Amino acid sequence: RGVMYSQQKERKNLEKSSSNLQDFLKNMELKVTIKKADNFTIPRISQLILKTNQFNLTTKRYQLEDIQRLSKDEDFLIGCAQVEDKFGDNGITGAFIVQKNGTKQWILDTFLLSCRVMGREVEKSILGYIIKTAKEHGVEEIIADFIPTQKNKPIENFLPDCGFKKEGNSWIISINEIFQIPDFIKVEEK
């Protein structure tokens with residue numbers, strides 16, 4: 001815990017000494033590793049889903065057993081994101097559940113990010129992975145819902161900022177549109 005506080009202090013110092021947000025983010029040397037749900041990651045994915053409120057599109061809650069069951073279902077893509085920077089490893093701090101349903105339209109069922117890594121555009125690298133995977137499967141669009149709560153204001157503009165268009169009560173993005181992940185984030189898949 002002491003190491004985490006020390007790393008966080010170093011991040012804050014870099015942020016204060018940076019002339020703007022872009023410089024700060026470039027100097028962070030961010031690395032996002034996208035991992036599929038497995039026996040190691042499922043408990044953390046479940047924990048994030050049960051606890052995360054601020055940067056959470058729907059605040060749907062899934063128990064550990066639900067995630068284990070869904071991860072074995074071919075109609076779902078479940079994963080998480082481990083975030084590292086030059087000061088250390090923030091751990092698994094993002095999670096997502098995508099419902100495929102064997103169609104050309106995937107549903108972004110759950111999308112969230114721990115407040116520990118908010119403000120670093122990590123969410124765009126996770127969404128970029130989902131879009132890339134959808135493209136590889138011949139999907140044409142991704143549909144998402146934003147269900148506002150008293151606590152999830154920080155994610156309110158995420159979908160429109162990423163190119164989703166409002167249609168009825170949902171948000172839709174065409175896979176054919178170019179989606180650019182931030183160039184200062186290195187993304188790996190495991």
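Of note:
- Calculated FRET value between Thr103 and Lys72, using beta carbons and R₀ = 22 Å, to 0.05: 0.65
- Computed on the Cα atoms alone, the convex hull of segment 95-142 gives a volume of 60 cubic angstrom per residue.
- Span per principal axis, largest first, for the Cα atoms of segment 89-190 (Å): 36, 34, 22
- Whole-number accessible area per residue in Å² for segment 1-47, which is evaluated in the context of all protein chains at 1.4 Å: 65 Å²
- Helical content alone sets the calculated 222 nm signal of the chain at -9500 deg cm²/dmol, taking -39,500 (n - 2.57) per DSSP H segment of four or more residues and averaging over every residue.
- Selection among Ile107, Met118, Gln7 by position relative to the dipole of the chain gives Gln7 as farthest towards the positive end (Cβ unit charges, Cα centre).
- Restricting segment 124-171 to trypsin sites (Lys or Arg not before Pro) that sit in a DSSP loop and have at most 16 other Cβ atoms within 10 Å of their own Cβ leaves Lys151.
- Distance in nm between pseudo-label sites at Leu64 and Lys151 (7 Å out along the Cβ direction from Cα): 2.0 nm
- Separation of alpha-carbon centers, segment 72-92 and segment 122-187, rounded to whole Å: 17 Å
- FRET efficiency, 1/(1 + (r/R0)^6) with R0 25 Å, evaluated for Asn39 and Glu136 via beta carbons: 0.50
- Segment 35-190, accessible surface, carbon-and-sulfur percent (1.4 angstrom probe): 47 percent
- Scaled against 2.2 N^0.38 Å for its residue count N, the alpha carbon radius of gyration of the chain is 1.01.
- Based on Cα contacts under 8 Å between residues 6+ apart, the chain shows a relative contact order of 25 percent.
- Length added when fully stretched, Arg116-Tyr5, from 0.36 nm per residue minus Cα-Cα: 38.8 nm
- When every Cα-Cα distance of segment 19-128 is counted in 10 angstrom steps from zero, the calculated P(r) takes the values 14, 46, 29, 9, 1 percent.
The values are calculated or read from the model by the stated rules, or taken from the named source; none is laboratory data. In this text, all values refer to a predicted model and were calculated from it rather than measured experimentally. Using ideal geometry, Cβ is built from the backbone for each residue, glycine included, and neighbour counts are taken over all protein chains shown. Just so you know, the surface numbers come from the protein's heavy atoms only, side chains and all, with ligands and any DNA or RNA stripped out. Shrake-Rupley method; radii C 1.70, N 1.55, O 1.52, S 1.80 Å.
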